[in-house]
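What follows is a set of notes on a single structure, which appears directly below.
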Amino acid sequence: MDFKSPPCVRDALVKKAESGLYAYEYKTDDYYQAITDWFSENHHWNIQRNWLTNCPGMWAMLSLCLRAFTKPGDNILVHAPHFHPAISAIEGAERNVVTQALTFNGIRYLFDANSFEEILVRENVRLFFLINPHNPTGLLFTREELSLIADICDRHDVLVVSDEINSYITYDKATFVPYGSVSTRSSLNSVTLTSPSKAFNLQGLTYAIGIIPNEELWQRLEKVRVSMDFDFATNIFSLTAVTAAYQKGLPWLKHLNDYLQANLNYMDVFLKLNLPQIKLIRPDGGYIAWLDFRALGLTSDELRQVILDKARVGLTWGETFGKEGEGFERLNFACPREILHQGLEQLKAAFS
């Protein structure tokens with residue numbers, strides 16, 4: 001984001017820096033209480049401190065899960081269009097990527113449970129990597145859809161690893177439901193990956209939290225985590241920032257969410273009035289807009305030339321999300337309104 005982290009986080013980090021003590025630290029009771037209180041108060045999910053683990057970043061955590069719960073050559077399912085760092089992590093672990101294309105009806109993306117189960121069985125999938133809200137489409141899975149996923153994966157012995165890092169910001173009164181909170185099946189057959197890093201702009205502190213209610217799964221992951229020294233490789237500034245964000249950051253986050261909702265509404269109206277050939281797929285969560293440029297009839301190279309060289313706007317190219325992303329582009333609207341306005345005006349001028 002183009003916004004500074006909340007004052008409560010900055011103040012806590014300054015205090016930690018001024019202490020002059022930067023050695024190994026145990027996690028404090030305040031740290032655990034901040035996390036468990038956050039999920040209880042905001043999601044009605046009463047997680048336990050002994051379910052928690054951590055790692056330097058989401059993709060490191062996914063890599064740990066792949067090594068702890070699968071073996072080389074296993075098939076791992078992701079939704080398409082797919083977020084490319086996930087593909088790199090899966091292929092880097094010598095596992096195979098299997099995709100289920102989300103259904104696009106021209107307005108929004110939809111999840112097909114029947115197709116999902118068919119692919120799980122046909123491809124002998126061992127682990128499903130769920131991204132909720134989905135990146136890049138912004139699709140937020142409903143409680144009913146998550147319950148279907150839990151039943152299907154439990155029935156076919158497929159572990160679910162749920163990336164929920166973008167769940168802290170939602171739009172249009174959408175409700176986020178943590179996967180592990182849906183049912184006993186979802187809780188005992190899953191690893192939830194989360195972090196306040198996206199919502200509070202802490203990505204540079206590289207910190208991810210794992211929530212694993214199943215003790216056997218927790219022990220298996222812990223064995224791999226310790227073998228890679230990730231139990232000691234914990235940035236003490238990350239611990240400080242995470243604790244402060246969860247303890248005191250909610251009012252700031254609510255204000256941010258309101259601002260981003262207004263940004264989203266502004267962009268939606270602007271495109272409809274000035275660039276109707278570019279379709280916004282309204283996200284349910286996160287701060288990424290998935291834009292459909294296909295009506296322009298341009299190739300990926302031609303789109304890139306106009307957007308980057310002519311409009312001088314930096315987007316994430318749709319083709320990096322697989323073949324389902326061709327003709328689409330991803331735009332980050334977590335910025336001041338005037339910056340968003342400037343970027344949209346430059347796109348308007350370039351395509352007019």
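Any read-out appearing in this document is the output of simple, stated calculations on the displayed coordinates, not a laboratory observation. Being a predicted model, the structure only gives us computed values, none of them experimental. Here Cβ is always computed from backbone atoms with ideal geometry, including for glycine, and neighbour counts include all displayed protein chains.
Within 10 Å, count the other beta carbons around each residue, average over each peptide in 53-65, 86-98, and list them highest first.
Working: 53-65: 22.5, 86-98: 17.6.
So the order, starting with the most tightly packed, is 53-65, 86-98.
Would you kindly calculate the mean projected area, averaged across all directions, of the convex hull enclosing the Cα atoms of segment 239-352, in square nanometres? Show your work: numbers first, answer last.
On the way: hull surface 33.3 nm².
Averaged projected hull area, Cα only: 8.3 nm².
Hey, how many Å between the Cα centroid of segment 173-219 and the Cα centroid of segment 30-64?
6
Between D157 and D29, take the C-beta separation as r, use R0 = 35 Å, and let me know the FRET efficiency to the nearest 0.05. The partial results should precede the final answer.
Working: r = 37 Å, r/R0 = 1.06.
Given R0 = 35 Å and the Cβ-Cβ separation, E is 0.40.
Quick check on packing: order 158-169, 244-255, 305-316 by the mean number of other C-beta atoms within 10 Å, highest mean leading. Kindly include the intermediate steps, with their values, before the conclusion.
Details: 158-169: 23.3, 244-255: 18.0, 305-316: 15.2.
Per-residue Cβ counts within 10 Å, averaged per peptide and sorted highest first, yield 158-169, 244-255, 305-316.
Please tell me which of these pairs span more than 20 angstrom C-alpha to C-alpha: K173/K248; K71/K223; K15/K254; K310/K348; K4/K272; K4/K248?
Over 20 Å Cα-Cα: K173/K248; K15/K254; K4/K272.
Which parts of segment 326-352 would a label at D2 reach, counting a residue when its backbone N lies under 17 Å from a point 7 Å out along Cα-to-Cβ?
From segment 326-352, the list is 330-349.
Can you find, among V97, N235, C65, the residue farthest towards the positive end of the dipole of segment 7-249? Put +1 on the C-beta of Lys and Arg, -1 on that of Asp and Glu.
Farthest towards the positive end: N235.
Just need the relative contact order of segment 251-351 here, percent rounded to a whole number, with Cα pairs under 8 Å and 6+ apart.
Numbers: 118 pairs, mean separation 28.2, N = 101.
For segment 251-351, the relative contact order is 28 percent.
Taking Cα pairs under 8 Å and at least six residues apart, what relative contact order does the chain come out at, in percent? It would help to have the intermediate numbers written out before the result.
Details: 588 pairs, mean separation 76.7, N = 352.
Relative contact order, the chain: 22 percent.
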